[in-house]
Structures are given as structure tokens and as C-alpha cells.
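Asks: Please see the structure below; I have some questions.
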Amino acid sequence: MRSPWNAVIAEAVGTFLFFFVGMGSVSVGVYALSLGAQPGGLIAVALAHGVALAVLVSALAAVSGAHFNPAVTFGVWLNGHIHTRRAIAYVLAQCIGGLAAAIALRAVLPAGLQTDLGLPRLGPGVQPLQGIAIEAILTAVLLIAVFGTAIDLRAHKVGGLMIGLAIAADILMGGQLTGAAMNPARWLAPAAETMTWDNWYVWIVGPLLGAAVAAVAYKYFFAPGASGERSPAAPESGS
């Protein structure tokens with residue numbers, strides 16, 4: 001039986017790599033714009049996040065379930081697919097991995113590229129309550145993809161690709177409104193590194209609310225007939 005620490009380490013490493021690419025893509029795009037270049041803008045950021053997540057989920061799902069997001073872990077926990085102690089360990093690992101990515105980007109990027117490390121912000125005219133609603137709905141899309149393509153045993157196992165596409169689509173819709181974090185750790189990492197805490201609750205309440213709604217909806221409306229016993233990548237399951 002493999003060590004349960006393997007899964008926790010996979011969550012930290014996967015989150016680090018995902019955030020390094022995602023936050024780095026924002027920093028590079030802002031820097032290119034400041035030089036008058038024509039970067040890919042929001043499309044490039046969406047693709048960077050989506051492709052990186054698709055690859056990492058596909059690579060590490062067998063180890064930890066590849067959450068890389070406290071909101072995903074929260075939703076999976078609500079549905080009983082992960083034990084409380086493991087869920088807490090995952091969230092801590094995700095936050096540590098995210099903070100490590102922000103520190104690494106600060107260390108390796110030239111000064112002109114560092115900017116705010118892709119810190120999610122509310123767009124012009126977007127109020128905090130609107131931001132919470134947007135983040136909640138975008139996170140619900142992500143969680144439905146997670147449950148429907150990665151956890152539900154009836155589904156075709158294309159979870160990595162579909163989850164990555166969900167992230168990319170969400171960023172295209174909400175990137176200019178809230179940053180489309182869908183992930184408390186994705187906000188925390190650059191916020192802690194830059195010491196910027198404006199409207200902090202938007203990126204905590206919104207994703208957790210969306211995850212809760214999606215988890216309850218999937219459990220009671222979409223999952224009847226599916227296995228309710230699967231615990232993603234638990235060491236004792238051998239999955």
C-alpha cells in the first residue's frame with residue numbers, strides 16, 4: 001500500500017506547476033502589452049491555464065485525484081468522496097504549492113514581468129456581490145466537469161481534457177470581470193506575495209459557494225444510479 005503522503009505531495013507539486021504556468025502567463029501578457037506588443041490576451045491566459053490543468057490532471061489524477069483547488073476539495077468532501085483529514089491536508093498542500101509558485105515567479109521573472117503575478121481583481125464597475133456570484137457560477141461549471149468526467153464511474157474518462165476546457169471557457173467569460181480564479185488558492189498565492197487583500201472574500205466565498213451548490217446538485221439530481229463509494233486516488237483503493 002502506497003503512502004498517503006504521495007497524494008498530498010502530488011497536490012502541492014501539481015498546484016505549484018499549474019499556478020506557475022497560469023500566473024506566469026498573466027505576467028508575460030501584461031508585460032508584452034506594456035511594450036506595445038500584441039499578446040494573445042485573455043485567449044492566451046485561458047489556454048495557458050486550461051492546457052496546463054488538463055495535462056496535470058491527466059498526469060496526477062491517479063495519485064491524488066488532482067484537485068489543485070480548495071474549492072474542488074471542498075466539493076468532493078461534501079459529497080463524501082474524501083475523508084476530512086485528507087481534505088484538510090490537500091487544502092494545506094494546495095496553498096503551500098500556490099505560495100511556492102508565486103515566490104518562484106518573483107525569483108525567476110525579470111523585474112518588468114513580475115507585475116502583480118496574475119492577482120485576480122474585480123473589473124471596472126463589478127461590485128463585490130456581483131463578483132461572488134460570477135465566481136460561484138464559474139466554479140459550479142468547473143465542479144460539474146470534475147464530478148461528471150472524473151468521479152462519476154459512468155462517465156468516459158476524459159476528465160483532464162474536459163476540466164481543462166472548463167477552466168479555459170470560464171476564464172474567457174469571467175477573466176475580465178473577476179479574474180476567473182475559481183480557486184481560493186489561486187487568489188491567495190499572488191495576494192500573499194504582493195500583500196494585496198482588496199475584496200479578499202470574493203475569491204473565497206464565491207468558489208466555495210459554487211462548489212457547494214454543484215456538489216449538492218450532482219449528488220441529489222445527477223448521481224442517482226452512480227457509485228457513491230469512489231474516493232479518488234485513495235491509497236487503499238488502488239485507483
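Asks: When only C-alpha pairs under 8 Å and at least 6 residues apart count, what is the relative contact order of the chain, in percent?
Replies: 32 percent
Asks: So, one more: Just from its helices, what would the mean residue ellipticity at 222 nm be for the chain, if runs of 4 or more DSSP H residues each count -39500 (n - 2.57) and the sum is divided by every residue, rounded to the nearest 500 deg cm²/dmol?
Replies: Counting only the DSSP helices, I get -21500 deg cm²/dmol.
Asks: Based only on other Cβ atoms within 10 Å, what is the fewest-to-most ordering of Arg85, Arg186?
Replies: Arg85, Arg186
Asks: Rounded if a/c is under 1.5, else prolate if a/b beats b/c, else oblate: with a ≥ b ≥ c from the C-alpha gyration tensor eigenvalues square-rooted, which is region 113-161?
Replies: oblate
Asks: Same structure again: Angle between the Cα long axis of helix 128-146 and the longest principal axis of the chain, 0 to 90 degrees, nearest 10?
Replies: With rounding to tens, the tilt is 50 degrees.
Asks: Residue-wise, which Karplus ³J(HN,Hα) couplings in Hz belong to region 166-177, taking 6.51 cos²θ - 1.76 cosθ + 1.60, θ = phi - 60°, and x for glycine or proline?
Replies: Karplus-based 3J(HN,Hα) across region 166-177 equals 4, 4, 4, 5, 4, 5, 4, 7, x, x, 8, 9 Hz.
Asks: Multiply the residue separation of Ala62 and Ile88 by 0.36 nm, subtract the distance between their alpha-carbon atoms, and state the gained length in nm to one decimal.
Replies: Gain on stretching Ala62 to Ile88: 7.4 nm.
Asks: Next question. Quick one: helix 84-108 against the long Cα principal axis of the chain, what's the angle to the nearest 10°, folded into 0 to 90?
Replies: 20 degrees
None of the figures in this text is laboratory data; all of them are computed from the coordinates on show. What you are looking at is a predicted structure, and each value in this text was computed from that prediction instead of being measured. FYI the Cβ positions are ideal-geometry reconstructions off the backbone, even for glycines, and counts take in every protein chain you see.
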